[in-house]
1. Of these, Asn129, Asn156, which one is more than 28 Å from Cys20 (Cα to Cα) and in contact with a Lys or Arg (Cβ under 8 Å, 6 or more places away or on another chain)?
2. Among the numbered criteria (1) in contact with a helix residue (DSSP H, G or I) (Cβ under 9 Å, 6 or more places away or on another chain); (2) crowded, with 16+ Cβ neighbours inside 10 Å; (3) closer than 30 Å to Arg14 by Cβ; (4) touching a residue at least 24 places away in the same chain (Cβ under 8 Å), which single criterion is violated by Asp55?
3. Among (1) out of contact with any helix residue (DSSP H, G or I) (no Cβ under 7 Å at 6 or more places or on another chain); (2) crowded, with 21+ Cβ neighbours inside 10 Å, where does Gly207 come up short?
4. If you scan segment 210-231, which residues turn out to be touching a Leu at 6+ places or on another chain (Cβ under 8 Å) and closer than 17 Å to Leu77 by Cα?
5. Can you name the residue in segment 83-96 that is at pLDDT 95 or above and crowded, with 20+ Cβ neighbours inside 10 Å and, of all such residues, is farthest from Pro120 (Cα to Cα)?
6. Just the residues that are of a type in the set (Lys, Arg) and either surrounded by fewer than 14 Cβ atoms within 10 Å (Cβ to Cβ) or modelled with pLDDT under 95 (or both), please, taken from segment 97-123.
7. Among the candidates Leu193, Leu162, Leu147, single out the residue that is among the aliphatic types (A, V, I, L, M), surrounded by fewer than 17 Cβ atoms within 10 Å (Cβ to Cβ), out of contact with any Pro (no Cβ under 9 Å at 6 or more places or on another chain) and in contact (Cβ under 8 Å) with a residue 40 or more places away in the chain.
8. Residues to consider are Ser202, Ser184; find the one that is under 24 Å from Pro28 (Cβ atoms) and over 17 Å from the mean Cα position of the chain (by Cα).
Amino acid sequence: MRKADIIENLNRVRERIVTCCRSCGRAPEEVTLLAVSKTRPAEDLRAVWEAGQRDFGENYLQEALDKQADLADLPILWHFIGPLQSNKTRAVAEHFHWIHSVERLKIAQRLSAQRPAEMPPLNICLQVNVDGEESKSGAAPAEVGALAAAVAQLPNLRLRGLMAIPAPRENAAAQREPFAQMQSLLLQLQRQLPDQPLDTLSMGMSGDMEAAIECGATMVRIGTDIFGARG
């Protein structure tokens, strides 16, 4: 896809966020756009960065590390949003600002232990399997409270909130159901852990972004509607 088309897409997504926020009584500044750049070449990320985008989400570790090397001159905020195995935690702890996909205490413990001392705490979102899908990663909603309490005790992490990837639904009303459940879960955590900076709901993608924003999303993860369909 041409650079001009990518920038046009980016601006269109930004306009959708503004329109949706205004329609549901939220400030557009409350919603961060995370450009999901997996499988995209570094030059596409650079083009989007030059248009003002600062937060980028990557699913695949080695691909992300290669892009970080290619784009080392840019102060990008890197988010790891894919499944994370134990043998990958050190590289994530050393090279990312955020991770959205923590689902087990063991992974969080490793990230905390492996976060370099000279770096600020790693921002953490707990991934919730809100639909109970066997094919999806994430903690069960009933497990989130205990997991959050344990993660909050780890010294080199900042527990910021929750992430979910609900199953596709056929209309906006159905899309709002899991997002509303996520909003309720975050409110419960805020009451349970009032000393934690629990300010993040990472949810909503190209096909259900508006429903997520209506239910309190503070970060939407958009790939296809910025960079086009993957080949």
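The values are calculated or read from the model by the stated rules, or taken from the named source; none is laboratory data. Treat the numbers as computed from the prediction; the structure is a model and nothing was measured. We place every Cβ from the backbone using ideal geometry, glycine too, and count neighbours over all the protein chains shown.
1. On the way: Asn129 fails: more than 28 Å from Cys20 (Cα to Cα).
One residue alone meets the criteria, Asn156.
2. The single condition Asp55 does not satisfy is (1).
3. Among (1) out of contact with any helix residue (DSSP H, G or I) (no Cβ under 7 Å at 6 or more places or on another chain); (2) crowded, with 21+ Cβ neighbours inside 10 Å, the lone unmet condition for Gly207 is (2).
4. Of everything in segment 210-231, those that are touching a Leu at 6+ places or on another chain (Cβ under 8 Å) and closer than 17 Å to Leu77 by Cα turn out to be Thr218, Met219, Val220, Arg221, Ile222.
5. Thr89
6. Kept after step one, since they are of a type in the set (Lys, Arg), are these residues of segment 97-123: 104, 106, 110, 115.
The answer is Lys106, and nothing else.
7. On the way: Leu162 fails: surrounded by fewer than 17 Cβ atoms within 10 Å (Cβ to Cβ); Leu147 fails: surrounded by fewer than 17 Cβ atoms within 10 Å (Cβ to Cβ).
None of the other options fit; the residue is Leu193.
8. Of Ser202, Ser184, the one residue that is under 24 Å from Pro28 (Cβ atoms) and over 17 Å from the mean Cα position of the chain (by Cα) is Ser184.
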